[in-house]
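Read-outs: derived from the displayed coordinates by stated rules, not from any lab. Since this is a predicted model, take the numbers as computed values, not measurements. Quick reminder, even Gly has a Cβ in these numbers, built from the backbone with ideal geometry, and neighbours come from all protein chains shown.
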Amino acid sequence: MPDFGKILNEATTVQSGLLSMQMRGKVDRKVTNNLDHLVSFATTKEEFWAKASPSPTNFSIYHSWRNLRLIFSKMRIRFAQAHLVHDNPVVVDQAREIFPSVIVTIATLASIENDPTKVNSNRLLELVGDLRQSARSVEMIDPNAELENVDREKLSQVFDTLANDDDL
């Protein structure tokens, strides 16, 4: 599994590329390669944590990676299609608006995966909730995609387990 140093480097590369694109007023479609790496990493982490035993901390980590994957995927699509739908350079401005929160979320995930605590878990859920709301406001997450491919029966079982957890 790729390490957090590489993924943070990839994310900061995207962030600096966004600044460069904003200054030029034009999308560089090469950013989609970086976003592909971010999608791949988030997908790997999401799948790993989806298989973890149900606990509040594990759920918050899974939920965070899932939301990051959805954001990176939507962002990638928007950048790839920017020239076709005249979304250039608006997509850059919108991505720059949420990217600092993306990096903070990845850094928090790195920390919580190394030191999972209830306090960190709750903070992570707050960060991701704020990020998701910001991403929705700039069309960097598709609200309909949030429930796609969700095994509702398994989700219900996880919620039941979490609801009965004495640590909640």
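What the table shows:
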quantity: Exposure proxy order (Cβ contacts within 10 Å, fewest to most) of E126, E113, E46; calculated: E126, E113, E46
quantity: Candidates F99, F72, F48: whichever shows maximal mean-square fluctuation once the chain is modelled as a Gaussian network with Cα springs under 10 Å; calculated: F48
quantity: Rounded to 10°, Cα long-axis angle of helix 4-24 versus longest principal axis of the chain; calculated: 30
quantity: Histogram of C-alpha separations across the chain, 5 Å bin width, %; calculated: 1, 9, 17, 22, 19, 14, 9, 5, 3, 1, 0
quantity: Residues E47 and D130, FRET efficiency given R0 of 25 Å [Cβ-Cβ distance, rounded to 0.05]; calculated: 0.55
quantity: For the stretch 4-163: lysine pairs under 28 Å (alpha-carbon distance), excluding those fewer than 8 apart on one chain; calculated: 17
quantity: With Cα atoms, 0 to 90° folded angle of helix 90-114 axis to the chain main axis; calculated: 30
quantity: Amide N of the stretch 14-30 lying under 18 Å from the label point, which is placed 7 angstrom from the Cα of S137 along Cα→Cβ; calculated: none
